[in-house]
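These notes are about the structure you will find just below.
Throughout, read-outs are computed from the coordinates displayed, never taken from laboratory work. Since the structure is predicted, the reported quantities are computational estimates derived from the model, not experimental observations. Ideal geometry is used to build each Cβ from the backbone, glycine not excepted, and the neighbour counts take in all protein chains shown.
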Amino acid sequence: MLVAPSILSADFGKLNEEIKAICDGGCDLVHVDVMDGHFVPNMTIGPVVVSSVAKVATKGLDVHLMVEDNNFFIDLFAPLKPEYISFHIESEKHPHRVIQKLRALGIKPAIVLNPHTPPSAIEYLIEDLDMVLLMSVNPGFGGQKFISNVIERAKELKALINKRNPNCLIEVDGGVNDKNIHDLKEAGVDVVVAGSFVYGADSYGQAIKSLQV
Ligand code: DX5
Ligand code: ZN
């Protein structure tokens, strides 16, 4: 299991140290939550702050867009060369076009599904994706309770991935901890995002390791 700590739960007063600590602690990706105050009822960080994150991070950036205008935000973040950019299917009229744009920019494309969106909604996009992110909370805030229907959705998605593009990864975001990690592993999940579980721990490194099952 790959682990992508979400910096949403980091102490922004000492962001550089907080990024360095998860990278030194053995994380696999650095998850960056971008919110516009429209698609979700919260706002986070833009390219100015993320550019200083990118300078310190020794692992790839996994940028999770929770915005209405995906093209606008992709143009802002592309110069920072993130490894992945994921966007919500619920906010995009032309998802295939956005995937092609990300590919052309050399960024791995990923699509995010809210807790109510069935995996079948993206069946015909899977062959063009490097990752699908299943939300296990309603997007907008860290520290929420895990919505367990994600286990069933991950199994359904795994079957579609096996049929359409076995190289596509499954990522789960929201309420992940060392209790639900085993069910996620068994359901075929490849990457987990963890915000409050990692940044709320005494040792970030130990928390990360406990999820790398
Ligand atoms: C929620 C974000 C998550 C969040 C996860 O909108 O997408 O990445 O930071 O935080 P935890 O792990 O605390 O649920
Ligand atoms: Zn996220």
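When peptides 126-134, 64-72 are ranked by their average number of other Cβ atoms within 10 Å per residue, the highest-first order is 126-134, 64-72.
Note on the chain: with a GNM built from Cα contacts shorter than 10 Å, the maximum mean-square fluctuation among G175, G60, G200 falls on G200. Expressed to the nearest 5 percent, the antiparallel share of DSSP beta bridges inside the range 29-171 is 5 percent. Each 5 Å bin from 0 upward holds the following percent of the Cα-Cα pairs of the range 86-211: 2, 11, 22, 22, 19, 14, 8, 3, 0. Listed cross-link partners K20/K163; K14/K101; K93/K158 are compared with a 29 Å cut-off, the Cα-Cα value being larger for K20/K163; K14/K101. In plain terms, the C-alpha convex hull of the chain casts an average shadow of 10.2 nm² when viewed from every direction. Computed from Cα atoms alone, the Kirkwood hydrodynamic radius reported for the range 66-110 is 10.4 Å. Dividing the summed helix terms, -39500 (n - 2.57) for each DSSP H run of n ≥ 4, by the number of residues in the chain produces a 222 nm estimate of -9500 deg cm²/dmol to the nearest 500. Subtracting the Cα-Cα distance of F12 and S148 from their residue separation scaled by 0.36 nm leaves 46.0 nm.
Note on the range 1-104: along the principal axes its Cα atoms extend 39, 28, 26 Å, ordered by decreasing extent. Multiplying the residue separation of S51 and D202 by 0.36 nm and removing their Cα-Cα distance gives an extension gain of 51.6 nm. Starting from the Kirkwood radius over alpha-carbon pairs of the range 153-213, derive D by Stokes-Einstein at 10 °C in a medium of 1.306 mPa s and give it in µm² s⁻¹. In µm²/s, the coefficient rounds to 129. How high is the FRET efficiency from N138 to K185, r the C-beta distance, R0 22 Å, rounded to 0.05? Between N138 and K185 the formula returns 0.40.
Projecting the Cα positions of I170, V193, I151 onto the charge dipole of the range 121-213 (unit charges on Cβ atoms of Lys, Arg, Asp and Glu, taken about the Cα centre) puts I151 furthest along the positive direction. Computing FRET efficiency as 1/(1 + (r/R0)^6) for K93 and E127, where r is the C-beta to C-beta distance and R0 is 22 Å, gives about 0.65.
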